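Trainee: Here you go, one structure.
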Amino acid sequence: MDYFNNLSYMLSHIFLMLFLYLFISHRYSRNITAGICFSSFLILTITDCLKLNIFPESDLCYAIVTIAQIILTQSTGILISKKRNQKVLFMGLSASNYVIVGSIFASILYICTGSRSIALAGSFFTHTAVLYIVYKGIHDLWIRQYETEYTQGWWALCLVPVSFYCSFSELAFFPNTLYEIPENIPGIICFMCTMFISYTAVLRYIESDSKRKDIYWKNMIFESYIKGLENQYYLVGQAEKNLKVLRHDMRHYSSMISFLLDQGEYGEIKKIVDHVNEEAEEHKVVKYCSNLVVNTIISKMVEKAEEFGIEVRLDLAVAQETPVNDYEFTAVIANLFENAINCVKDLKDEKKYIDAKIHCNAQRLMIQMYNDYEGEIEFNSGTGLPQSRKGGEHGLGMQSIQTFSDKIEGDFDCFCQNGVFFIMIFAKFKTL
């Protein structure tokens with residue numbers, strides 16, 4: 001029986017590593033990742049000998065070795081993952097549940113047929129079928145969720161696979177096995193079906209929630225865009241009206257200047273010219289760049305900053321046509337400015353500034369922003385992003401920026417130095 005159990009467990013470990021390899025984006029090359037997974041497989045197989053062969057009667061040994069194997073498995077997933085956060089842990093725990101199905105079917109087939117060969121063959125085909133069905137059914141859905149930066153609530157979701165795993169273990173393996181209580185077989189089969197349905201439902205709900213958040217941010221940027229257009233339309237109308245008045249008054253100014261020239265009152269003439277220039281400058285519509293959408297949002301953000309007495313130092317060069325989605329690009333700009341405004345609005349006057357350099361053309365995109373801050377900025381250990389202490393929807397702006405950077409295959413970094421918060425995004429685009 002030990003020989004049969006060893007092979008059954010070995011099959012489970014092989015498919016467990018396959019799940020981790022296929023469902024996690026790799027931090028390292030394929031060869032290195034495969035080597036890490038193979039090393040973990042060898043360690044799992046060797047430690048199986050302790051609980052199955054050397055100390056087969058010891059419940060304490062079984063429990064300790066199993067806990068150590070769980071830690072090793074989840075550490076392997078985190079080690080090879082490009083993104084080290086709660087989602088990786090959720091995937092690792094879920095992979096353990098998927099492979100446990102094959103182990104349970106091996107036990108069921110052995111109880112029903114008494115044949116170890118049939119049981120092992122059935123276990124192999126069950127593992128293969130589960131991997132194929134899960135890969136075809138939810139792989140793309142999972143990768144979409146894995147790649148997004150929305151991580152709120154995933155710690156709680158990790159309780160779902162933990163609950164399933166503990167229940168499977170209690171019903172089929174420890175402290176009593178299916179061989180000792182075969183009456184549990186119908187119940188555990190129903191439980192496995194419930195698990196597959198639950199996982200699909202949970203991931204579908206998460207995808208729907210992510211889409212809702214994406215729509216929320218798009219609506220926010222569209223609202224800002226529309227308000228900005230309305231504001232610019234109003235300013236253009238006011239400027240046209242005031243310029244008409246100024247043009248009408250120019251003949252009076254001309255007469256006055258002509259009269260003062262005859263009198264030699266050059267100082268008064270200069271005052272009149274300065275007054276005309278001030279009038280023209282006051283009603284000028286500011287154009288920051290040739291891209292209408294970006295210009296609108298920048299105008300809105302500068303206006304908002306000025307309401308708090310914040311100085312905005314702009315270095316803006318955005319082409320009329322950009323290689324990125326203008327609305328996503330402006331959403332990033334709006335998020336960055338809102339974060340900076342919230343950071344400096346309550347500081348002393350000499351610290352109320354935002355320095356922003358935004359360049360975008362067909363070859364590259366570069367955003368560099370920095371501002372002073374006070375207090376402490378906390379960075380999420382999983383994402384490396386600043387995290388909000390306000391909860392709820394707060395903090396999603398930085399995640400949205402990270403998602404945009406990943407989408408354009410850019411480099412995104414933020415850090416604090418000497419009381420100044422820096423944030424940078426850079427991407428180089430391929431040109432035909």
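The values are calculated or read from the model by the stated rules, or taken from the named source; none is laboratory data. None of the values given here were measured: they were computed from a predicted structure. Please note: Cβ atoms are built from the backbone with ideal geometry, for glycine as well, and neighbour counts cover all protein chains shown.
Trainee: Can you list residue pairs whose Cβ atoms sit under 9 Å apart, with the first residue in region 272-296 being in the same structural domain as residue 332 (by TED's automatic domain parsing) and modelled with pLDDT of 80 or more and the second being in a loop (DSSP other than H, G, I, E, B) and among the charged types (D, E, K, R)? Count only pairs 6 or more apart in sequence or on different chains.
Mentor: 291/321; 295/287
Trainee: Residues to consider are 12, 25, 29, 40; find the one that is in contact (Cβ under 8 Å) with a residue 12 or more places away in the chain, polar (S, T, N, Q) and surrounded by fewer than 15 Cβ atoms within 10 Å (Cβ to Cβ). First the steps, then the outcome.
Mentor: Working: 12 fails: surrounded by fewer than 15 Cβ atoms within 10 Å (Cβ to Cβ); 29 fails: in contact (Cβ under 8 Å) with a residue 12 or more places away in the chain; 40 fails: surrounded by fewer than 15 Cβ atoms within 10 Å (Cβ to Cβ).
Result: 25 is the single residue among 12, 25, 29, 40 that is in contact (Cβ under 8 Å) with a residue 12 or more places away in the chain, polar (S, T, N, Q) and surrounded by fewer than 15 Cβ atoms within 10 Å (Cβ to Cβ).
Trainee: So, one more: Which condition breaks for residue 167 when tested against (1) touching a residue at least 12 places away in the same chain (Cβ under 8 Å); (2) closer than 26 Å to residue 26 by Cα?
Mentor: Going through (1) touching a residue at least 12 places away in the same chain (Cβ under 8 Å); (2) closer than 26 Å to residue 26 by Cα one by one, residue 167 breaks only (2).
Trainee: Just checking, how many residues over region 174-194 are under 36 Å from the mean Cα position of the chain (by Cα) and touching a residue at least 40 places away in the same chain (Cβ under 8 Å)?
Mentor: Applying the first criterion (under 36 Å from the mean Cα position of the chain (by Cα)) to region 174-194 yields 190-194.
Add one more test, that the residue is touching a residue at least 40 places away in the same chain (Cβ under 8 Å), and what stays is 192.
Number of matching residues: 1.
Trainee: Another question, then. Yes or no: residue 324 under 15 Å from residue 424 (Cα atoms) and in contact (Cβ under 8 Å) with a residue 60 or more places away in the chain?
Mentor: Numbers: under 15 Å from residue 424 (Cα atoms): no; in contact (Cβ under 8 Å) with a residue 60 or more places away in the chain: yes.
So residue 324 fails the test.
Trainee: Pick from 55, 23: which is under 20 Å from residue 165 (Cα atoms), modelled with pLDDT under 90 and of a type in the set (Phe, Trp, Tyr)? If you could, list the steps in order and put the result at the bottom.
Mentor: Values: 55 fails: under 20 Å from residue 165 (Cα atoms).
So the residue among 55, 23 that is under 20 Å from residue 165 (Cα atoms), modelled with pLDDT under 90 and of a type in the set (Phe, Trp, Tyr) is 23.
Trainee: Only residues in region 389-409 that are closer than 19 Å to residue 378 by Cβ and in the same structural domain as residue 334 (by TED's automatic domain parsing) count as the first member; pair them with residues that are of a type in the set (Asp, Glu) and at pLDDT 80 or above, Cβ under 8 angstrom, at least 6 apart or cross-chain, and list the lot.
Mentor: 397/338
Trainee: Take the residues in region 283-342 that are part of a helix (DSSP H, G or I) and in contact with a Leu (Cβ under 7 Å, 6 or more places away or on another chain); name whichever of them is surrounded by the most Cβ atoms within 10 Å (Cβ to Cβ). It would help to see each step written out before you state the result.
Mentor: So in region 283-342, the residues part of a helix (DSSP H, G or I) come out as 292-307, 326-342.
If we keep only those that are in contact with a Leu (Cβ under 7 Å, 6 or more places away or on another chain) too, we end up with 296, 298.
Details: 296: 21, 298: 26.
Ranking the candidates gives 298 first.
Trainee: What are the residues in region 348-372 that are in contact with a Phe, Trp or Tyr (Cβ under 8 Å, 6 or more places away or on another chain) and more than 18 Å from residue 413 (Cα to Cα), if any?
Mentor: 352, 362, 363
Trainee: Can you spot a residue in region 28-35 that is assigned by TED's automatic domain parsing to the domain that holds residue 157, part of a helix (DSSP H, G or I) and of a type in the set (Val, Ile, Thr)? Break it down into steps so the answer makes sense when it comes.
Mentor: Filtering region 28-35 down to residues assigned by TED's automatic domain parsing to the domain that holds residue 157 leaves 28-35.
This time we only want the ones that are part of a helix (DSSP H, G or I), so: 30-35.
Adding the requirement that they be of a type in the set (Val, Ile, Thr) leaves 32-33.
The answer is yes, given that some residue of region 28-35 is assigned by TED's automatic domain parsing to the domain that holds residue 157, part of a helix (DSSP H, G or I) and of a type in the set (Val, Ile, Thr).
Trainee: Okay, next question. Going by the structure shown, is residue 3 modelled with pLDDT of 85 or more, among the aromatic types (Phe, Trp, Tyr) and either in a helix (DSSP H, G or I) or crowded, with 22+ Cβ neighbours inside 10 Å (or both)? Give the derivation first.
Mentor: Working: modelled with pLDDT of 85 or more: no; among the aromatic types (Phe, Trp, Tyr): yes; either in a helix (DSSP H, G or I) or crowded, with 22+ Cβ neighbours inside 10 Å (or both): yes.
Judged against the criteria, residue 3 is not a match.
Trainee: While we're looking at this one, here's another question. Of all residues in region 58-74, which are closer than 30 Å to residue 406 by Cβ and touching a residue at least 12 places away in the same chain (Cβ under 8 Å)? If you could, list the steps in order and put the result at the bottom.
Mentor: So in region 58-74, the residues closer than 30 Å to residue 406 by Cβ come out as 71-74.
Hits for region 58-74 are 72, 73, 74.
Trainee: Only residues in region 43-57 that are over 13 Å from residue 10 (Cα atoms) count as the first member; pair them with residues that are in a helix (DSSP H, G or I) and among the hydrophobic types (A, V, I, L, M, F, W, C), Cβ under 7 angstrom, at least 6 apart or cross-chain, and list the lot.
Mentor: Within 7 Å, the pairs are 50/61; 50/65; 51/61; 51/65; 55/61.
Trainee: Would you check which residues across region 343-382 are assigned to a helix (DSSP H, G or I), touching a residue at least 40 places away in the same chain (Cβ under 8 Å) and out of contact with any strand residue (DSSP E or B) (no Cβ under 8 Å at 6 or more places or on another chain) and list them?
Mentor: The first filter runs over region 343-382 and keeps only residues assigned to a helix (DSSP H, G or I), leaving 343-344, 349-351.
Narrowing the set further to residues that are touching a residue at least 40 places away in the same chain (Cβ under 8 Å) leaves 343, 349.
Within region 343-382, just 349 meets the criteria.
Yes/no per residue for (1) buried (at least 22 other Cβ atoms within 10 Å of the Cβ); (2) in contact with a helix residue (DSSP H, G or I) (Cβ under 8 Å, 6 or more places away or on another chain); (3) assigned to a helix (DSSP H, G or I); (4) not polar (S, T, N, Q):
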{"residue": "60", "(1), (2), (3), (4)": "no, no, yes, yes"}
{"residue": "68", "(1), (2), (3), (4)": "no, yes, yes, yes"}
{"residue": "83", "(1), (2), (3), (4)": "no, yes, no, yes"}
{"residue": "111", "(1), (2), (3), (4)": "no, yes, yes, yes"}
{"residue": "120", "(1), (2), (3), (4)": "no, yes, yes, yes"}
